[in-house]
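Since the structure comes first, as structure tokens, the remarks are kept for the end.
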Amino acid sequence: MKQKIIEAYESLAERYNALIDHKPHNAYYDRPNTLSLIPEMDGRHILDAACGPGKYAEIFLDNGAFVTGFDISPRMVELAIERNKGNGTFFVHDLSTPLPQLKDASFDLIVCALALHYLEDWTPTLKEFYRVLKPGGHLVISIEHPFFEFTYFQSTRYFETEPVMCTWKGFGKPVDIHSFRRPLEACIMPLLVNGFLLDTLLEPKPVEKFKELDPKHYRELNEFPAFMCLRAKKPIFTL
């Protein structure tokens, strides 16, 4: 599964990077809603987990943040470095494994956009996020909405976390994308049992610009969400 994910993103990296600024589901659905959950950026140390070609990092850097980003795809990391012209720190890393190169309590904010659904088990990753996040810091994630996925993949096993596959056709040649579908409980409880306090759950709607480029999906996303955004906080004090 992991190797298939790497191969998929390596194959579509160039086209993904070329389209990321204005592709509707990214630029006018995921990003504006995810960014709406982010507190002050200026002067903050931000970890961009599964950074892709560095678009979120670009926004953070433009707003005065200090950015560290990583991705499992070597080509995506190269593109992130190119996009950000040497600003920020980027490296190749597997989201599911520990981050020994990052110090405890070293980030004010962690952003992980549309990536956790590639992991079967979130616990090791969330433990690392908790470790490197400063007390009082925030974790902001966007994921595929569990109710949308249950319908889209025509699942008959809602309560299970199960491997699924879809074919992306919006980045040039069709690419098979493997991930894991899970119930709502499995999106929320891993945060809570690993010490985070959930303070926001956002079921996003597309911004108006989406309508100009893709009126069909604009209408559909205003009727039922495809993504879900969550913001959680690391407590300042623990019992």
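The values are calculated or read from the model by the stated rules, or taken from the named source; none is laboratory data. Given the structure is predicted, the values throughout are model-derived calculations rather than measurements. FYI the Cβ positions are ideal-geometry reconstructions off the backbone, even for glycines, and counts take in every protein chain you see. Just the protein is used for accessible areas: all its heavy atoms, side chains included, with ligands, DNA and RNA removed. Shrake-Rupley method; radii C 1.70, N 1.55, O 1.52, S 1.80 Å.
Need a quick list: helices (runs of 4 or more DSSP H) entirely within the range 3-86 having at least 3 residues that are buried (at least 21 other Cβ atoms within 10 Å of the Cβ) and not β-branched (V, I, T). Full working, then the answer.
Numbers: elements: 31-35, 55-62, 74-83.
It comes to 55-62, 74-83.
Name every residue in the range 21-48 that is among the β-branched types (V, I, T) and either in contact with a Leu (Cβ under 8 Å, 6 or more places away or on another chain) or at pLDDT below 95 (or both), in order of residue number. Even if it seems obvious, please write down each step before you answer.
Initial filter on the range 21-48 (among the β-branched types (V, I, T)): 34, 38, 46.
I38, I46, listed by residue number.
Which pairs have Cβ atoms under 6 Å, sit 6 or more apart or on different chains, and link a residue in the range 103-117 that is of a type outside the set (V, I, T) to one that is surrounded by fewer than 19 Cβ atoms within 10 Å (Cβ to Cβ) and not in a helix (DSSP H, G or I)?
Sorted first by the residue in the range 103-117, then by its partner, the pairs are A105/K134; F107/H45; D108/H45; D108/K134.
Can you list residue pairs whose Cβ atoms sit under 8 Å apart, with the first residue in the range 24-44 being in contact (Cβ under 8 Å) with a residue 12 or more places away in the chain and among the aromatic types (F, W, Y) and the second being open to solvent by less than 20 Å² (accessible area, probe 1.4 Å) and assigned to a loop (DSSP other than H, G, I, E, B)? Count only pairs 6 or more apart in sequence or on different chains.
Y28/P206; Y29/P204; Y29/P206; Y29/A226
Within the range 179-190, restricting attention to residues that are open to solvent by less than 40 Å² (accessible area, probe 1.4 Å) and not in a helix (DSSP H, G or I), which residue is nearest to S73 (Cα to Cα)?
Filtering the range 179-190 for residues open to solvent by less than 40 Å² (accessible area, probe 1.4 Å) gives 179-183, 186-188, 190.
Next, only the ones that are not in a helix (DSSP H, G or I) stay: 179-183.
Values: S179: 15, F180: 18, R181: 22, R182: 24, P183: 27 Å.
Filtering first and then ranking leaves S179.
I need a count of the residues in the range 123-140 that are out of contact with any helix residue (DSSP H, G or I) (no Cβ under 9 Å at 6 or more places or on another chain) and open to solvent by less than 10 Å² (accessible area, probe 1.4 Å). Outline the logic, then answer.
First pass over the range 123-140, keeping only residues out of contact with any helix residue (DSSP H, G or I) (no Cβ under 9 Å at 6 or more places or on another chain): 124, 127-138.
Now drop any that are not open to solvent by less than 10 Å² (accessible area, probe 1.4 Å), which leaves 129, 132-133, 137.
Residues flagged as out of contact with any helix residue (DSSP H, G or I) (no Cβ under 9 Å at 6 or more places or on another chain) and open to solvent by less than 10 Å² (accessible area, probe 1.4 Å) within the range 123-140 amount to 4.
Which one of the conditions (1) more than 24 Å from N26 (Cβ to Cβ); (2) hydrophobic (A, V, I, L, M, F, W, C); (3) in a loop (DSSP other than H, G, I, E, B) does F171 fail to meet, given that it meets all the rest?
(1)
From R157, R219, grab the single residue that is farther than 29 Å from H138 by Cβ, open to solvent by 30 Å² or more (accessible area, probe 1.4 Å) and in a helix (DSSP H, G or I).
Working: R157 fails: in a helix (DSSP H, G or I).
Among R157, R219, only R219 is farther than 29 Å from H138 by Cβ, open to solvent by 30 Å² or more (accessible area, probe 1.4 Å) and in a helix (DSSP H, G or I).
Among the residues of the range 191-210, how many are crowded, with 17+ Cβ neighbours inside 10 Å and farther than 27 Å from G137 by Cβ?
2
For the range 142-154, what are the residues that are among the hydrophobic types (A, V, I, L, M, F, W, C) and either open to solvent by less than 40 Å² (accessible area, probe 1.4 Å) or part of a strand (DSSP E or B) (or both)?
Residues of the range 142-154 that are among the hydrophobic types (A, V, I, L, M, F, W, C), as a first pass: 143, 147-148, 150, 153.
The answer is I143, and nothing else.
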